[in-house]
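The values are calculated or read from the model by the stated rules, or taken from the named source; none is laboratory data. None of the values given here were measured: they were computed from a predicted structure. So basically every Cβ, Gly included, is an ideal-geometry build from the backbone, and we count neighbours across all protein chains shown.
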Amino acid sequence: MPNKFKPISISLSPNVEKDDVLLALNLLIRPWKWKQGKEIEILEKEFANYLGVKHAVSFNSGRSSLYAILKALSEVEGLKSKDSILLQAFTCNAAINPALWLGLNPVYVDCSQENFNMNIEDLKKKIDIQKAQGKPAKVLMVQHTFGLPANMDEIVKIAKENNLILIEDCAHALGAEFSTKKVGLPTEALAKVGTFGKAGFFSFSRDKVISCVYGGMAVTNDDNLARSLRQAQGKFSQPSLFWIKQQLLHPILLYYFILPFYNFFNLGKIILVFTQVSHILSKAVSWKEKKGQMPDYFPKALPNALAILALNQFAKLDKFYNHRKKLFEYYAKELAGSKFVLPKIETGYKASYLRFTVKHPDAHKIIYDSWHLPRGKAGKENILLGDWYTTVIAPFDTKLETMNYKNGSCLNAEILSQITLNLPTHINIKEKDAERIVNFLKNYK
(Lines give C-alpha, C1' and ligand atoms only; values in the text may rest on other atoms or scores of the structure.)
Protein backbone atom coordinates (compact mmCIF):
# COMPACT_ATOMS: atom_id res chain seq x y z
CA MET A 1 0.00 0.00 0.00
CA PRO A 2 1.50 3.36 -1.01
CA ASN A 3 2.54 5.80 1.68
CA LYS A 4 0.41 8.92 1.17
CA PHE A 5 2.90 11.01 3.14
CA LYS A 6 5.89 10.10 0.99
CA PRO A 7 6.28 12.62 -1.85
CA ILE A 8 6.80 11.92 -5.53
CA SER A 9 10.20 13.56 -5.49
CA ILE A 10 12.54 14.72 -8.21
CA SER A 11 15.52 15.09 -5.88
CA LEU A 12 16.11 13.93 -2.29
CA SER A 13 18.43 11.07 -3.35
CA PRO A 14 16.00 9.64 -5.91
CA ASN A 15 18.17 6.66 -6.96
CA VAL A 16 18.33 5.10 -3.52
CA GLU A 17 16.95 1.57 -3.35
CA LYS A 18 16.89 -0.83 -0.42
CA ASP A 19 20.18 -2.49 -1.39
CA ASP A 20 21.91 0.91 -1.38
CA VAL A 21 20.57 1.64 2.11
CA LEU A 22 21.66 -1.75 3.47
CA LEU A 23 25.11 -1.20 1.96
CA ALA A 24 25.36 2.22 3.62
CA LEU A 25 24.32 0.67 6.95
CA ASN A 26 26.95 -2.02 6.53
CA LEU A 27 29.63 0.57 5.81
CA LEU A 28 28.56 2.77 8.71
CA ILE A 29 29.78 0.13 11.20
CA ARG A 30 33.04 -0.54 9.30
CA PRO A 31 34.95 2.76 9.52
CA TRP A 32 38.22 1.07 8.55
CA LYS A 33 36.84 0.92 4.98
CA TRP A 34 35.86 4.58 4.82
CA LYS A 35 39.03 6.19 3.48
CA GLN A 36 41.35 3.74 1.75
CA GLY A 37 40.51 0.53 -0.09
CA LYS A 38 40.64 -1.38 -3.33
CA GLU A 39 37.21 -0.18 -4.47
CA ILE A 40 38.54 3.24 -5.51
CA GLU A 41 40.81 1.68 -8.13
CA ILE A 42 38.11 -0.82 -9.18
CA LEU A 43 35.63 2.02 -9.81
CA GLU A 44 38.18 4.02 -11.81
CA LYS A 45 39.05 1.01 -14.00
CA GLU A 46 35.44 0.04 -14.60
CA PHE A 47 34.55 3.63 -15.45
CA ALA A 48 37.45 3.99 -17.89
CA ASN A 49 36.54 0.70 -19.57
CA TYR A 50 32.89 1.70 -19.86
CA LEU A 51 33.73 5.02 -21.54
CA GLY A 52 36.58 3.62 -23.60
CA VAL A 53 39.12 6.14 -22.28
CA LYS A 54 42.67 5.61 -21.07
CA HIS A 55 42.38 7.36 -17.73
CA ALA A 56 39.69 7.91 -15.07
CA VAL A 57 40.61 9.65 -11.81
CA SER A 58 38.08 9.87 -8.98
CA PHE A 59 37.29 12.82 -6.69
CA ASN A 60 34.69 13.56 -4.05
CA SER A 61 32.46 15.57 -6.39
CA GLY A 62 32.00 16.76 -9.94
CA ARG A 63 33.27 20.21 -8.98
CA SER A 64 36.40 18.73 -7.39
CA SER A 65 36.90 16.84 -10.67
CA LEU A 66 36.56 20.03 -12.71
CA TYR A 67 38.86 21.90 -10.32
CA ALA A 68 41.47 19.14 -10.74
CA ILE A 69 41.17 19.32 -14.54
CA LEU A 70 41.62 23.09 -14.60
CA LYS A 71 44.50 22.83 -12.13
CA ALA A 72 46.16 20.17 -14.28
CA LEU A 73 45.72 22.34 -17.39
CA SER A 74 47.69 25.09 -15.66
CA GLU A 75 50.62 22.66 -15.51
CA VAL A 76 50.19 20.92 -18.87
CA GLU A 77 48.82 23.73 -21.08
CA GLY A 78 49.94 26.88 -19.25
CA LEU A 79 46.43 27.94 -18.22
CA LYS A 80 46.81 30.83 -15.79
CA SER A 81 44.83 33.15 -13.56
CA LYS A 82 42.65 35.70 -15.43
CA ASP A 83 42.46 33.47 -18.53
CA SER A 84 38.93 33.17 -19.90
CA ILE A 85 36.83 30.03 -19.95
CA LEU A 86 33.74 29.87 -22.16
CA LEU A 87 30.82 28.07 -20.53
CA GLN A 88 27.09 28.13 -20.94
CA ALA A 89 24.51 29.89 -18.83
CA PHE A 90 21.46 27.94 -17.61
CA THR A 91 23.65 25.87 -15.32
CA CYS A 92 24.55 25.30 -11.68
CA ASN A 93 27.09 27.30 -9.70
CA ALA A 94 28.98 24.02 -9.21
CA ALA A 95 30.04 24.28 -12.88
CA ILE A 96 31.33 27.84 -12.41
CA ASN A 97 32.91 27.93 -8.97
CA PRO A 98 35.97 25.77 -9.76
CA ALA A 99 36.96 28.31 -12.43
CA LEU A 100 36.44 31.18 -9.97
CA TRP A 101 38.44 29.40 -7.26
CA LEU A 102 41.39 29.25 -9.65
CA GLY A 103 41.07 32.91 -10.64
CA LEU A 104 39.76 32.23 -14.15
CA ASN A 105 37.34 34.52 -15.94
CA PRO A 106 34.01 32.85 -16.84
CA VAL A 107 32.53 34.08 -20.14
CA TYR A 108 28.91 33.02 -20.49
CA VAL A 109 27.54 31.62 -23.74
CA ASP A 110 23.79 31.53 -24.31
CA CYS A 111 21.94 28.27 -24.81
CA SER A 112 19.44 27.08 -27.38
CA GLN A 113 15.75 27.14 -26.51
CA GLU A 114 15.38 23.90 -28.45
CA ASN A 115 17.66 21.55 -26.49
CA PHE A 116 18.97 23.67 -23.56
CA ASN A 117 22.58 23.23 -24.76
CA MET A 118 25.15 25.72 -25.97
CA ASN A 119 24.00 28.01 -28.78
CA ILE A 120 26.53 27.66 -31.61
CA GLU A 121 26.01 31.14 -33.02
CA ASP A 122 26.38 32.81 -29.64
CA LEU A 123 29.49 30.74 -29.01
CA LYS A 124 31.06 32.09 -32.20
CA LYS A 125 30.01 35.61 -31.23
CA LYS A 126 31.54 35.36 -27.74
CA ILE A 127 34.79 33.97 -29.19
CA ASP A 128 35.03 36.93 -31.56
CA ILE A 129 34.30 39.41 -28.75
CA GLN A 130 37.08 37.94 -26.62
CA LYS A 131 39.52 38.17 -29.53
CA ALA A 132 38.51 41.75 -30.29
CA GLN A 133 39.21 42.67 -26.67
CA GLY A 134 42.68 41.15 -26.95
CA LYS A 135 41.79 38.43 -24.43
CA PRO A 136 41.09 35.28 -26.47
CA ALA A 137 39.53 32.50 -24.43
CA LYS A 138 41.72 29.51 -23.60
CA VAL A 139 39.10 26.92 -22.56
CA LEU A 140 35.68 25.91 -23.83
CA MET A 141 33.49 23.88 -21.46
CA VAL A 142 30.42 22.32 -23.04
CA GLN A 143 27.51 21.08 -20.93
CA HIS A 144 25.21 18.19 -21.88
CA THR A 145 22.15 19.70 -20.20
CA PHE A 146 19.66 17.30 -18.62
CA GLY A 147 21.51 14.46 -20.36
CA LEU A 148 20.74 15.70 -23.88
CA PRO A 149 24.03 15.61 -25.86
CA ALA A 150 25.31 18.90 -27.20
CA ASN A 151 26.21 19.24 -30.90
CA MET A 152 29.73 17.88 -30.61
CA ASP A 153 30.46 17.92 -34.35
CA GLU A 154 30.14 21.71 -34.44
CA ILE A 155 31.69 22.29 -31.03
CA VAL A 156 34.78 20.14 -31.70
CA LYS A 157 35.25 21.95 -35.01
CA ILE A 158 34.98 25.40 -33.41
CA ALA A 159 37.36 24.42 -30.61
CA LYS A 160 40.00 23.26 -33.11
CA GLU A 161 39.63 26.35 -35.32
CA ASN A 162 40.09 28.66 -32.33
CA ASN A 163 42.75 26.68 -30.45
CA LEU A 164 40.44 26.14 -27.48
CA ILE A 165 40.96 23.40 -24.89
CA LEU A 166 37.69 21.45 -24.85
CA ILE A 167 36.23 20.13 -21.57
CA GLU A 168 32.94 18.24 -21.38
CA ASP A 169 30.59 18.75 -18.44
CA CYS A 170 28.87 15.36 -18.27
CA ALA A 171 27.34 15.77 -14.82
CA HIS A 172 23.88 14.96 -16.23
CA ALA A 173 24.94 12.69 -19.03
CA LEU A 174 26.56 9.42 -17.96
CA GLY A 175 25.67 6.94 -20.70
CA ALA A 176 24.63 9.57 -23.28
CA GLU A 177 26.09 9.25 -26.78
CA PHE A 178 26.49 11.46 -29.83
CA SER A 179 26.52 10.31 -33.45
CA THR A 180 29.61 11.48 -35.28
CA LYS A 181 31.59 10.30 -38.30
CA LYS A 182 34.88 9.20 -36.81
CA VAL A 183 38.10 9.33 -38.78
CA GLY A 184 38.60 6.17 -40.81
CA LEU A 185 35.03 4.91 -40.44
CA PRO A 186 32.78 4.85 -43.50
CA THR A 187 29.60 5.29 -41.48
CA GLU A 188 28.51 7.26 -38.47
CA ALA A 189 29.28 5.79 -35.06
CA LEU A 190 27.96 6.59 -31.61
CA ALA A 191 30.55 7.85 -29.14
CA LYS A 192 29.95 8.39 -25.44
CA VAL A 193 29.97 11.95 -24.17
CA GLY A 194 33.10 12.72 -22.19
CA THR A 195 35.37 11.33 -24.92
CA PHE A 196 35.36 14.24 -27.39
CA GLY A 197 37.52 16.78 -25.60
CA LYS A 198 40.82 17.07 -23.81
CA ALA A 199 38.99 16.00 -20.65
CA GLY A 200 35.53 15.37 -19.28
CA PHE A 201 34.02 15.12 -15.83
CA PHE A 202 31.04 13.34 -14.30
CA SER A 203 29.07 13.76 -11.09
CA PHE A 204 27.77 11.06 -8.77
CA SER A 205 25.93 13.45 -6.48
CA ARG A 206 22.57 12.69 -4.93
CA ASP A 207 20.36 13.41 -7.95
CA LYS A 208 22.52 12.32 -10.90
CA VAL A 209 22.46 9.23 -13.16
CA ILE A 210 24.21 7.20 -10.47
CA SER A 211 24.70 8.46 -6.94
CA CYS A 212 26.94 7.97 -3.93
CA VAL A 213 25.63 11.22 -2.35
CA TYR A 214 28.87 13.02 -3.29
CA GLY A 215 31.38 11.87 -5.90
CA GLY A 216 32.83 12.53 -9.31
CA MET A 217 35.23 11.39 -12.00
CA ALA A 218 37.66 13.17 -14.33
CA VAL A 219 38.48 11.35 -17.60
CA THR A 220 41.04 11.91 -20.35
CA ASN A 221 43.05 10.18 -23.06
CA ASP A 222 45.98 12.57 -22.53
CA ASP A 223 48.79 10.90 -20.58
CA ASN A 224 50.34 14.16 -19.35
CA LEU A 225 47.01 15.51 -18.16
CA ALA A 226 46.25 12.19 -16.45
CA ARG A 227 49.57 12.34 -14.63
CA SER A 228 48.76 15.79 -13.29
CA LEU A 229 45.25 14.66 -12.32
CA ARG A 230 46.66 11.73 -10.36
CA GLN A 231 49.09 14.07 -8.59
CA ALA A 232 46.22 16.42 -7.75
CA GLN A 233 44.22 13.51 -6.34
CA GLY A 234 47.09 12.72 -3.98
CA LYS A 235 47.59 16.35 -2.93
CA PHE A 236 43.90 16.93 -2.26
CA SER A 237 43.85 14.04 0.26
CA GLN A 238 40.73 12.34 1.63
CA PRO A 239 37.77 14.13 3.23
CA SER A 240 37.41 13.90 7.01
CA LEU A 241 35.83 10.90 8.71
CA PHE A 242 33.05 13.22 9.89
CA TRP A 243 32.25 14.24 6.30
CA ILE A 244 32.25 10.62 5.12
CA LYS A 245 29.87 9.70 7.96
CA GLN A 246 27.51 12.49 6.84
CA GLN A 247 27.29 10.95 3.38
CA LEU A 248 26.75 7.41 4.65
CA LEU A 249 23.91 8.61 6.88
CA HIS A 250 22.21 10.38 3.98
CA PRO A 251 20.55 7.40 2.21
CA ILE A 252 19.71 5.79 5.56
CA LEU A 253 17.91 8.79 7.04
CA LEU A 254 16.20 9.69 3.74
CA TYR A 255 14.91 6.16 3.21
CA TYR A 256 13.70 5.34 6.73
CA PHE A 257 12.83 8.67 8.34
CA ILE A 258 12.62 11.68 6.03
CA LEU A 259 10.72 10.57 2.92
CA PRO A 260 8.19 8.21 4.62
CA PHE A 261 7.09 11.00 6.98
CA TYR A 262 7.70 13.96 4.68
CA ASN A 263 4.14 15.29 4.96
CA PHE A 264 3.11 13.62 8.20
CA PHE A 265 2.58 16.92 10.02
CA ASN A 266 5.73 17.99 8.11
CA LEU A 267 7.75 15.65 10.32
CA GLY A 268 10.00 14.52 7.46
CA LYS A 269 10.71 18.10 6.45
CA ILE A 270 11.52 19.00 10.06
CA ILE A 271 13.92 16.05 10.31
CA LEU A 272 15.62 17.05 7.04
CA VAL A 273 16.10 20.67 8.12
CA PHE A 274 17.26 19.65 11.60
CA THR A 275 19.81 17.13 10.32
CA GLN A 276 21.22 19.68 7.87
CA VAL A 277 21.34 22.57 10.35
CA SER A 278 22.96 20.33 12.96
CA HIS A 279 25.40 19.00 10.31
CA ILE A 280 24.27 15.40 10.73
CA LEU A 281 23.72 15.53 6.96
CA SER A 282 25.41 17.74 4.39
CA LYS A 283 23.65 20.03 1.94
CA ALA A 284 23.93 19.55 -1.82
CA VAL A 285 25.21 23.13 -2.22
CA SER A 286 26.68 25.08 0.67
CA TRP A 287 26.01 28.76 1.41
CA LYS A 288 29.64 29.48 0.61
CA GLU A 289 29.27 28.14 -2.94
CA LYS A 290 26.30 30.40 -3.52
CA LYS A 291 28.70 33.30 -2.90
CA GLY A 292 31.51 31.90 -5.04
CA GLN A 293 33.52 30.72 -2.02
CA MET A 294 35.17 27.32 -1.53
CA PRO A 295 34.01 25.03 1.32
CA ASP A 296 36.77 23.18 3.17
CA TYR A 297 35.57 19.78 1.90
CA PHE A 298 36.44 20.67 -1.71
CA PRO A 299 38.56 19.71 -3.54
CA LYS A 300 39.13 16.20 -2.15
CA ALA A 301 39.73 12.68 -3.39
CA LEU A 302 36.92 10.12 -3.42
CA PRO A 303 36.86 8.10 -0.19
CA ASN A 304 36.63 4.32 -0.45
CA ALA A 305 33.23 4.12 1.28
CA LEU A 306 31.63 6.30 -1.42
CA ALA A 307 33.44 4.34 -4.14
CA ILE A 308 31.70 1.23 -2.78
CA LEU A 309 28.31 2.96 -2.97
CA ALA A 310 29.10 4.20 -6.49
CA LEU A 311 30.07 0.69 -7.66
CA ASN A 312 26.75 -0.64 -6.41
CA GLN A 313 24.93 2.02 -8.43
CA PHE A 314 27.21 1.56 -11.45
CA ALA A 315 26.19 -2.10 -11.61
CA LYS A 316 22.59 -0.91 -12.05
CA LEU A 317 23.37 1.55 -14.86
CA ASP A 318 21.47 -0.34 -17.58
CA LYS A 319 18.51 -0.97 -15.28
CA PHE A 320 18.33 2.73 -14.43
CA TYR A 321 18.70 3.75 -18.08
CA ASN A 322 15.92 1.48 -19.33
CA HIS A 323 13.59 2.73 -16.60
CA ARG A 324 14.32 6.40 -17.36
CA LYS A 325 13.85 5.88 -21.09
CA LYS A 326 10.52 4.13 -20.54
CA LEU A 327 9.25 7.01 -18.38
CA PHE A 328 10.59 9.59 -20.85
CA GLU A 329 8.62 7.92 -23.64
CA TYR A 330 5.51 7.70 -21.45
CA TYR A 331 5.60 11.42 -20.69
CA ALA A 332 6.18 12.23 -24.36
CA LYS A 333 3.18 10.14 -25.41
CA GLU A 334 0.80 11.35 -22.72
CA LEU A 335 1.68 15.05 -23.02
CA ALA A 336 1.71 15.13 -26.83
CA GLY A 337 -0.72 17.75 -28.07
CA SER A 338 -0.83 19.54 -24.73
CA LYS A 339 0.27 23.12 -24.02
CA PHE A 340 3.61 21.80 -22.76
CA VAL A 341 6.53 22.09 -25.19
CA LEU A 342 8.31 18.73 -25.00
CA PRO A 343 12.05 18.01 -25.18
CA LYS A 344 13.44 17.11 -28.58
CA ILE A 345 15.87 14.24 -29.08
CA GLU A 346 17.80 14.58 -32.33
CA THR A 347 18.10 11.57 -34.61
CA GLY A 348 21.26 9.61 -33.89
CA TYR A 349 21.63 10.88 -30.34
CA LYS A 350 21.33 8.76 -27.24
CA ALA A 351 20.26 10.82 -24.24
CA SER A 352 20.71 9.78 -20.62
CA TYR A 353 17.08 10.84 -19.96
CA LEU A 354 18.06 12.17 -16.53
CA ARG A 355 14.92 14.28 -16.45
CA PHE A 356 12.01 15.09 -18.75
CA THR A 357 12.17 18.85 -19.17
CA VAL A 358 9.14 20.69 -20.53
CA LYS A 359 8.37 24.33 -21.25
CA HIS A 360 5.24 26.18 -20.17
CA PRO A 361 4.64 29.91 -19.60
CA ASP A 362 3.36 29.18 -16.07
CA ALA A 363 6.24 26.86 -15.13
CA HIS A 364 6.99 28.52 -11.79
CA LYS A 365 3.32 28.47 -10.78
CA ILE A 366 3.07 24.79 -11.70
CA ILE A 367 6.14 23.98 -9.59
CA TYR A 368 4.65 25.89 -6.65
CA ASP A 369 1.22 24.28 -7.05
CA SER A 370 2.70 20.77 -7.20
CA TRP A 371 4.18 21.35 -3.76
CA HIS A 372 1.27 23.21 -2.16
CA LEU A 373 -2.16 22.71 -3.76
CA PRO A 374 -4.58 20.40 -1.92
CA ARG A 375 -5.63 17.16 -3.61
CA GLY A 376 -9.03 16.34 -2.16
CA LYS A 377 -9.07 14.18 0.97
CA ALA A 378 -5.61 12.79 0.29
CA GLY A 379 -3.93 16.03 1.33
CA LYS A 380 -1.52 18.06 -0.74
CA GLU A 381 -0.52 17.12 -4.26
CA ASN A 382 2.82 16.11 -2.75
CA ILE A 383 4.58 16.07 -6.13
CA LEU A 384 7.93 17.82 -5.87
CA LEU A 385 8.67 18.99 -9.42
CA GLY A 386 11.20 21.09 -11.26
CA ASP A 387 14.22 22.20 -9.26
CA TRP A 388 16.53 22.62 -12.32
CA TYR A 389 16.85 25.54 -13.33
CA THR A 390 14.51 28.24 -12.06
CA THR A 391 17.23 30.86 -12.31
CA VAL A 392 19.89 31.38 -14.95
CA ILE A 393 22.49 30.04 -12.48
CA ALA A 394 21.13 27.63 -9.89
CA PRO A 395 20.33 27.32 -7.03
CA PHE A 396 17.87 30.21 -7.05
CA ASP A 397 19.64 32.05 -4.21
CA THR A 398 23.07 32.05 -5.88
CA LYS A 399 24.55 35.56 -5.91
CA LEU A 400 24.85 36.23 -9.64
CA GLU A 401 27.29 39.08 -9.15
CA THR A 402 29.77 36.72 -7.49
CA MET A 403 29.46 34.44 -10.53
CA ASN A 404 30.45 37.37 -12.80
CA TYR A 405 27.15 36.98 -14.66
CA LYS A 406 25.63 40.12 -16.19
CA ASN A 407 21.87 40.24 -16.65
CA GLY A 408 20.91 40.36 -20.32
CA SER A 409 24.06 38.63 -21.54
CA CYS A 410 22.29 35.30 -22.22
CA LEU A 411 18.65 36.04 -23.03
CA ASN A 412 17.63 32.50 -24.01
CA ALA A 413 18.94 31.15 -20.72
CA GLU A 414 17.08 33.84 -18.78
CA ILE A 415 13.85 33.03 -20.62
CA LEU A 416 14.25 29.27 -20.14
CA SER A 417 14.76 29.72 -16.41
CA GLN A 418 11.24 31.16 -16.26
CA ILE A 419 9.42 28.63 -18.44
CA THR A 420 10.99 25.21 -17.77
CA LEU A 421 10.18 22.53 -15.24
CA ASN A 422 11.40 18.97 -14.77
CA LEU A 423 9.54 15.70 -14.44
CA PRO A 424 11.26 12.82 -12.62
CA THR A 425 12.45 9.71 -14.45
CA HIS A 426 14.39 7.97 -11.67
CA ILE A 427 14.05 4.35 -10.56
CA ASN A 428 11.64 5.10 -7.70
CA ILE A 429 9.01 6.65 -9.99
CA LYS A 430 6.46 3.95 -10.69
CA GLU A 431 3.88 3.90 -13.48
CA LYS A 432 1.13 5.16 -11.14
CA ASP A 433 3.37 8.02 -10.06
CA ALA A 434 3.99 9.07 -13.67
CA GLU A 435 0.26 8.82 -14.40
CA ARG A 436 -0.52 11.05 -11.42
CA ILE A 437 2.07 13.61 -12.58
CA VAL A 438 0.59 13.69 -16.08
CA ASN A 439 -2.97 14.06 -14.74
CA PHE A 440 -1.81 16.95 -12.55
CA LEU A 441 -0.13 18.70 -15.50
CA LYS A 442 -3.17 18.32 -17.75
CA ASN A 443 -4.99 20.80 -15.49
CA TYR A 444 -2.85 23.57 -16.98
CA LYS A 445 -4.03 24.95 -20.30
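Given the criteria farther than 21 Å from TRP34 by Cβ, at pLDDT below 95 and surrounded by fewer than 16 Cβ atoms within 10 Å (Cβ to Cβ), does PHE274 qualify?
When the stated conditions are applied, PHE274 does not pass them.
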Next on the checklist: Given the condition touching a helix residue (DSSP H, G or I) at 6+ places or on another chain (Cβ under 6 Å) and either surrounded by 15 or more Cβ atoms within 10 Å (Cβ to Cβ) or in a loop (DSSP other than H, G, I, E, B) (or both), answer yes or no: does some residue in segment 332-339 qualify?
Outcome noted: yes
Item to check | Candidate set from segment 153-191 (those that are out of contact with any Cys (no Cβ under 9 Å at 6 or more places or on another chain), buried (at least 22 other Cβ atoms within 10 Å of the Cβ) and farther than 20 Å from SER228 by Cα); member that is modelled with the lowest pLDDT | outcome: PHE178
Item to check | Residue, surrounded by the fewest Cβ atoms within 10 Å (Cβ to Cβ), within segment 239-267, restricted to residues that are assigned to a loop (DSSP other than H, G, I, E, B) and modelled with pLDDT of 95 or more | outcome: SER240
Next on the checklist: Among the numbered criteria (1) modelled with pLDDT under 95; (2) at positive phi; (3) within 17 Å of the chain's Cα centre (by Cα), which one does GLY376 miss?
Outcome noted: (3)
Checklist entry - Could we say that SER11 is over 22 Å from the mean Cα position of the chain (by Cα), small (Gly, Ala, Ser) and at negative phi here? => result no
Next on the checklist: Just to verify a result, which residue in segment 268-305, among those that are in a loop (DSSP other than H, G, I, E, B) and in contact with a Pro (Cβ under 7 Å, 6 or more places away or on another chain), is farthest from LEU254 (Cα to Cα)?
Outcome noted: LYS300
Checklist entry - Among the listed residues PHE116, PHE146, which satisfies the condition of being buried (at least 18 other Cβ atoms within 10 Å of the Cβ), in contact with a strand residue (DSSP E or B) (Cβ under 6 Å, 6 or more places away or on another chain), among the aromatic types (Phe, Trp, Tyr) and within 30 Å of VAL358 (Cβ to Cβ)? => result PHE146
Item to check | Among the residues listed as ASN443, ASN407, ASN412, the single one being touching a Cys at 6+ places or on another chain (Cβ under 9 Å), among the polar types (S, T, N, Q) and either in a loop (DSSP other than H, G, I, E, B) or more than 30 Å from GLU17 (Cα to Cα) (or both) | outcome: ASN412
Checklist outcome for this item: For LYS344, the lone unmet condition from (1) loosely packed, with under 15 Cβ neighbours inside 10 Å; (2) modelled with pLDDT of 95 or more is (2)
Checklist entry - Within segment 433-441, is even one residue out of contact with any Leu (no Cβ under 9 Å at 6 or more places or on another chain) and either within 25 Å of LYS288 (Cα to Cα) or aliphatic (A, V, I, L, M) (or both)? => result no
Checklist outcome for this item: Exactly one of ALA56, ALA72 is part of a helix (DSSP H, G or I), at pLDDT 95 or above and of a type in the set (Gly, Ala, Ser), and that one is ALA72
Item to check | Pick from segment 91-113, criterion touching a Lys or Arg at 6+ places or on another chain (Cβ under 7 Å) and not in a helix (DSSP H, G or I), ranking: surrounded by the most Cβ atoms within 10 Å (Cβ to Cβ) | outcome: VAL109
Next on the checklist: Taking the criterion of being touching a Phe, Trp or Tyr at 6+ places or on another chain (Cβ under 7 Å) and assigned to a loop (DSSP other than H, G, I, E, B), would at least one residue in segment 354-361 satisfy it?
Outcome noted: yes
Item to check | Out of LYS18, LYS45, LYS35, sole residue that is surrounded by 17 or more Cβ atoms within 10 Å (Cβ to Cβ) and at pLDDT 95 or above | outcome: LYS35
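Take the residues in segment 380-398 that are of a type in the set (D, E, K, R) and more than 20 Å from the chain's Cα centre (by Cα), then tell me which one is surrounded by the fewest Cβ atoms within 10 Å (Cβ to Cβ).
So, considering only residues that are of a type in the set (D, E, K, R) and more than 20 Å from the chain's Cα centre (by Cα), the one surrounded by the fewest Cβ atoms within 10 Å (Cβ to Cβ) is LYS380.
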Checklist entry - What tally of residues in segment 53-86 results from selecting those that are surrounded by fewer than 23 Cβ atoms within 10 Å (Cβ to Cβ) and either of a type outside the set (A, V, I, L, M) or within 18 Å of THR145 (Cβ to Cβ) (or both)? => result 12
Checklist outcome for this item: By residue number, the members of segment 45-84 that are of a type in the set (D, E, K, R), more than 17 Å from ARG227 (Cβ to Cβ) and in contact with a helix residue (DSSP H, G or I) (Cβ under 6 Å, 6 or more places away or on another chain) are ARG63
Checklist entry - If ALA363 satisfies every condition in (1) within 28 Å of VAL193 (Cα to Cα); (2) touching a Leu at 6+ places or on another chain (Cβ under 6 Å); (3) hydrophobic (A, V, I, L, M, F, W, C); (4) at pLDDT 95 or above but one, which is the exception? => result (1)
